[in-house]
Amino acid sequence: MSHYFIEDRGLLHRPRYVTYNFAGIDFVFETDSGLFSKDHIDPASDILIRALPPLSGSLLDLCCGYGCIGIVLAKAYSLRLTQSDINEAALRLTRKNCEAAGVESVIIKSDCFENIRGLFDTITLNPPIHAGKAVVYRMFEESAEHLVEGGRLFVVTLKKHGAESTKKSCLRYSEIVIHL
């Protein structure tokens, strides 16, 4: 069985295109087999995008997948965007989707924060729950080290995927947790 956070070079490529609208801007994202939410923008990502206050400055879209959260927010708010994922196929599509949307991004292959340097005003995370709580909680802890003073981490999880335990873990660092 293939997981979206593990590179599976044996998967057949089956490109798909999903559409999304935010702030009066239409987006089209290319997705492919083996990626999270390849057929549509997942409900949690949609809630995260729509629930955020207006943003400014720099944004790290951690575990970006094919890039939808970061691209939408960067385009809507003119943010300096950095996106990271462990999956090279996801990063390849993030590059294509950034180009298609006219969004500039620094795109980094990284396991959590392993290859990420610098500080960010905002970090967004729709965590890879199936990677396990240890990995996800590590992302929360390391996020604190990559935020400017007063910076914000926004996390979204579904109730069925551990929103309550996520909320308890994040409350050490933040007041805001969006959960379904």
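Every number in this text was worked out from the coordinates using simple rules, so none of it is lab data. None of the values given here were measured: they were computed from a predicted structure. FYI the Cβ positions are ideal-geometry reconstructions off the backbone, even for glycines, and counts take in every protein chain you see.
One table, with the values for the structure above:
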read-out: Extension gain (nm, one decimal) between Asp26 and Arg14, 0.36 nm per residue minus Cα-Cα; value: 2.0 nm
read-out: Where GluC sites (Glu not before Pro) fall in DSSP loop in the stretch 91-151, at most 12 other Cβ within 10 Å; value: Glu104, Glu114, Glu145
read-out: Label-point separation, Lys109 to Ser56 (7 Å along Cα→Cβ), nm; value: 3.7
read-out: Full-extension gain in nm, Glu145 to Glu99, via 0.36 nm per residue minus C-alpha separation; value: 13.6 nm
read-out: Backbone N within the stretch 41-66 under 16 Å of label point (7 Å from Arg92 Cα along the Cβ vector); value: 65-66
read-out: Cβ-based exposure ranking for Val72, Val136, in which fewest neighbours within 10 Å come first; value: Val136, Val72
read-out: For the stretch 51-132, radius of gyration divided by Kirkwood radius, i.e. Rg to Rh on alpha-carbons; value: 0.94
read-out: Sorted by Cβ density within 10 Å, fewest first, the residues Tyr17, Tyr137; value: Tyr17, Tyr137
